[in-house]
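Notes for the one structure printed next.
Each value in this text was obtained by applying a stated rule to the coordinates, not by laboratory testing. Keep in mind it's a predicted model, so treat the numbers as computed, not measured. Here the Cβ is made from the backbone with ideal geometry for all residues, glycine too, and neighbour counts use every protein chain on show.
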Amino acid sequence: GPLLAIESSCDDTACALLAPDGAVLAESVLTQTGHAALGGVVPEIAARAHLAALPGLIEATLAQAGVTLENVSAFAASTGPGLIGGLIVGSTLAKGLALARGKPFIAVNHIEAHALTPRLPRRTADNAPSGSAPSGSLAFPYLVLLVSGGHCQCVAVEGIGRYRRLGGTIDDAAGEAFDKVAKLLGLGWPGGPALERLAMEGDPRAYALPRPLMGRPGCDFSFSGLKTAVARLVAPYGNAALPRRAAADIAASFQLCVADLMADRARNALALLPDATALVVAGGVAANATLRARLEAVAAEHALPFVAPPLRLCTDNAVMVGWAALETLRARAEAGLGPPDDIAVAPRPRWPLDDVRPPGEARTG
Ligand code: ATP
Ligand code: FE
């Protein structure tokens with residue numbers, strides 16, 4: 001029977017039903033809209049919204065696939081990293097359903113789910129990742145650049161449960177940097193899409209912004225110096241409106257700067273992973289066309305396919321959680337193991353990828 005997956009680690013409430021081979025039978029995502037007016041995600045409000053939305057969302061997802069709860073053979077949920085309230089709501093619901101039906105519960109690491117998404121089998125044109133990758137499942141090892149509102153890291157995906165974090169941000173996440181700079185430019189939240197739109201009118205060479213860590217060894221990121229530089233450019237205007245031309249030039253310069261930084265880090269990461277089969281970008285910031293173009297060029301330099309899963313699978317969703325659970329079940333079966341016994345796994349706001357283990361090795365958390 002199908003697997004039911006829940007995602008509730010941030011501000012997206014999501015549910016999906018996947019067939020054992022990874023076919024998506026139904027999926028629903030509700031993005032909480034109330035946070036925009038507050039300028040960011042408020043954890044307590046997010047948790048309550050997940051609680052209010054999930055039961056109906058689960059019913060709707062089952063109905064969409066014409067599946068009843070009795071037919072579901074396994075339940076999965078993100079148990080970290082993320083906002084603890086939402087993680088508790090989603091995972092407790094999934095555990096409760098699993099216990100009530102006597103079916104296994106699989107605890108999924110949210111970052112692992114992002115990292116395994118490019119292996120989801122292609123079904124429909126809509127499901128196909130963009131880029132030059134061949135169809136079918138991506139082979140290990142590959143490099144994932146995860147760039148979202150909460151995360152910014154380079155991960156070597158070497159197998160199921162075998163993830164090596166090559167580097168990450170030492171201050172803000174990439175999306176956070178976009179959001180903060182957008183705010184300085186007087187744009188709404190989330191700022192990334194608005195900033196990209198404004199940047200189209202601007203000259204990316206208008207301002208020489210600092211490129212922190214660029215050209216230095218390693219795969220770490222830093223954005224705070226860049227943000228400070230933008231704040232300094234904006235400061236002379238005080239509370240008076242920034243001329244649109246200047247705002248557009250700053251947006252374009254900032255965006256190019258971030259894309260250059262990412263490309264530089266991706267090059268260093270690929271040097272550490274000489275047998276990589278592909279360069280993958282995931283997370284909401286992967287929507288950015290300038291960033292995609294820069295990363296695509298890096299992949300081409302290395303004669304590697306560049307893979308960007310479709311945006312609905314790049315941002316938070318439950319399909320990726322279900323797929324990660326199916327990959328875990330399959331890898332365990334290949335190792336002669338049954339489903340994991342994850343009912344006692346407690347949600348963790350922080351759950352580093354290095355703590356996730358391959359089947360058979362003790363899982364932490
Ligand atoms: P998590 O970090 O847990 O994955 P999240 O909700 O913060 O969750 P996403 O939904 O993956 O992350 O991505 C949202 C982020 O992506 C926001 O910071 C947003 O500004 C940024 N973003 C979205 N579109 C663009 C774009 N076109 N250019 C740049 N940044 C963008
Ligand atoms: Fe995410």
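Some points to look at:
- Distant-in-sequence amide contacts of Ala77, defined by a placed amide H-H separation under 5 Å and a gap of 5 or more residues or a different chain, comprise Ile6, Ile106, Val108.
- Legend: ranking of residues Val356, Val147 from fewest to most surrounding C-beta atoms inside 10 Å; resulting order Val356, Val147.
- Computed over the chain: relative contact order in percent, which uses C-alpha pairs under 8 Å that are six or more apart: 23
- Shown here for region 280-365: trypsin sites (Lys or Arg not before Pro) in loop regions (DSSP other than H, G, I, E, B) with at most 10 other Cβ atoms within 10 Å, namely Arg350.
- For region 289-302, 3J(HN,Hα) per residue [Karplus equation, 6.51 cos²θ - 1.76 cosθ + 1.60, θ = phi - 60°, Hz, x = Gly/Pro]: 5, 5, 5, 4, 4, 5, 6, 4, 5, 5, 4, 4, 3, 9
- Given charges at Cβ of Lys, Arg, Asp, Glu: the chain dipole, positive-most of Pro340, Thr31, Gln153: Gln153
- Each residue of region 212-219 is assigned a 3J(HN,Hα), and the resulting list reads x, 6, 4, x, 8, x, x, 10 Hz, derived from the Karplus form 6.51 cos²θ - 1.76 cosθ + 1.60 (θ = phi - 60°), x at Gly and Pro.
- Residues whose amide H falls under 5 Å from that of Val345, counting only those 5 or more places apart or on a different chain, are absent, with hydrogens built in the peptide plane.
- 3J(HN,Hα) from dihedral phi, region 245-253, Karplus parametrisation 6.51/-1.76/1.60, rounded to Hz, x for glycine, proline: 4, 5, 4, 5, 5, 5, 4, 5, 5
- Helix-only mean residue ellipticity at 222 nm for the chain, each DSSP H run of n ≥ 4 adding -39500 (n - 2.57), per residue, nearest 500: -12500 deg cm²/dmol
- Whichever lysines have a C-alpha closer than 28 Å to that of Lys95, once near sequence neighbours (fewer than 8 apart) are set aside: Lys103
- Put the Cα centre of region 269-345 next to the Cα centre of region 104-121 and the gap is 9 Å.
- Taking a straight Cα-Cα cut-off under 17 Å and skipping sequence neighbours fewer than 8 places away in the same chain, the aspartates and glutamates within cross-link reach of Lys180 are Asp171, Asp172, Glu196, Asp249.
- Put simply, when 262-269, 295-302, 199-206 are sorted by average Cβ atoms within 10 angstrom per residue, most first, you get 262-269, 295-302, 199-206.
- Net length gained if the chain between Thr68 and Asp355 were fully extended (0.36 nm per residue, minus Cα distance): 99.8 nm
- Region 217-360, relative contact order [Cα under 8 Å, separation at least 6], %: 19
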